[in-house]
C-alpha cells in the first residue's frame, strides 16, 4: 500500500508557510535557528530564537523586535491599538493603516515601533513619541523569546528581554568568544606578550558552537604595555584591534629610542598643559605615540605573521621620529584651537544662551578626550583646527543670533541622537561601521556649514545628505 503526501496530511501544505515562519533568522552570516510554539499558557508561546553564548554580543536586539513575517502584522496592529486614545484615533481603522505601512517596511536592526511610527507620520502627519508605544503590555507571543545555549547546545538562559540577557551574560560571552577556535594548550601561543609570539594569524576561522557554524576573526589586542591574542565576530573590528596591537609591539620594540621623547618634542609640553583639564600628560603622550605608530608602520594591511611584522618595522623605523615630530605639531595646532574655545566658554553664562553653550561644550567633549587621537581617523583629525575656528565664530555671533541657535539645536538633536544610539549598539555588538563613522564626521562638517560657511566643508553636507548617508549605515 502506497500513501501520497495528500493522504497523510489532514490539510494541504501552505506554500507560504516557509517564508512566513522560517526555520532560521540569518544575520551577518550567522543562521540562528527558530522554533515555534503556539500555546498561550506556555512560557515559550510564539517564536524562540536560539543563539550560542559566543554570538550573544553581536545578536541584533532591534531586529528581534520584528519577529517573523507571519507575526509582524499582528504585532503592528497590537502596537497601534496600544497607543493612547488621543493618538490611536488618528489611525482608524487600524488594520488598514497597518497594511499600508507594511508595504514600505523592511525588517532591519532599527526599532520596529520607530519605523512603523515614521510610516504613520507620512500618511497622517501625526508624530508618535517613542515612549507612547506599548512594549511590556504586548502578549508574550508578540515578543521574541531568546534561548542562549553553551558550546554543547545546552540552554543556560532564556527570556524575552534581549538586552538584559546580553548584559547579564556579557562576561560569559566574552570568555566564550576569546576561547573560540583555541588549539590544544601545547601548541597555543602565549596569551600575553611584548613581541610577536603568535605564529601565523589567520584572517578568519569557521567554528561550530551550540550546533551552529560561526565565523570568528582571530586578532591581537592592546593591553597597555603588551598585547594578547583574542577573537572577534566582526572583521573590521578585528583589523582595527590588530593594527593597534601591532603599533604597541612596535613601540615596545623601539625601547630606548623613545626614552624622554616628551622632552624632545618641541610642542608636547604646551599641548599637555592645554589637555590638563581633560586628562594626564602621560595619557596624551601614549595616545600620540600609538596613533602615530599605527599610521606610520601599519597604514594598510596588518601583519599576520612574524616576517610581515619584521618587514613593517624595519622598512620605516628610521623615519618614525620625524613622523612623530610632525604629529606633535598637528596636535599642538588642534589643542591651541580647543584651548581658545574653552577660554571663551569660561565666565558668567547668559541664561538665554545656556542651551547653546551646553551644546558647544558637548561638541568639544566629543572631539577632545582621553584617547581621542587614536579614536579619530587621521583624515578627520587634520580638520580639528577648522572645527574649533567654526566653534569660535559661533560663540562670537551667539548673542545676536538666538533664533538661528534655536533652529540649529532643534535640527541637530535628532541627527546626533540616532548616531549615538547606533554607535552604542554597534559597540556592544563589537561592530565597526565605516558608513556610520562618515556620518559622525559629516555632523561636524554640518556644524561648520551652519555657523561658519565661509570656512568651507571637506564634503558637501545638508540635512538631506545626512539622511542619505544614514541610509547607508549598517543596520
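All of the numbers you see were taken from the coordinates with simple rules; none came from a lab. Note that the structure is a prediction, hence the values are computed from the model and not measured. Here the Cβ positions follow ideal geometry from the backbone for every residue, glycine too, while neighbour counts run over all protein chains shown.
Assorted remarks:
- Relative contact order of the chain, taken over Cα pairs closer than 8 Å and 6 or more residues apart, is 12 percent.
- Rounded to 10°, Cα long-axis angle of helix 402-429 versus longest principal axis of the chain: 70
- Label-to-label distance, residue 106 versus residue 135, with points set 7 angstrom from Cα along the beta-carbon direction: 2.5 nm.
- Region 36-126, relative contact order in percent, only Cα pairs under 8 angstrom and at least six apart counted: 28
- Between 0 and 90°, nearest 10: helix 354-365 axis offset from the chain longest Cα axis: 80
- Binned Cα-Cα distance frequencies in region 291-420 - 10 Å width, integer %: 10, 32, 27, 16, 10, 4, 0
- Percentage relative contact order, region 69-176, counting C-alpha pairs under 8 Å, at least six apart: 21
- C-alpha center-to-center spacing [region 218-283, region 392-439] in angstrom: 28
- Computed from Cα atoms, the angle from the helix 170-179 axis to the main principal axis of the chain rounds to 80 degrees.
- When every Cα-Cα distance of region 17-159 is counted in 10 angstrom steps from zero, the calculated P(r) takes the values 11, 40, 32, 14, 3, 0 percent.
- Reported label for calculated mean projected area of the Cα convex hull in nm² given (1) 25.4; (2) 30.7; (3) 22.9: (2)
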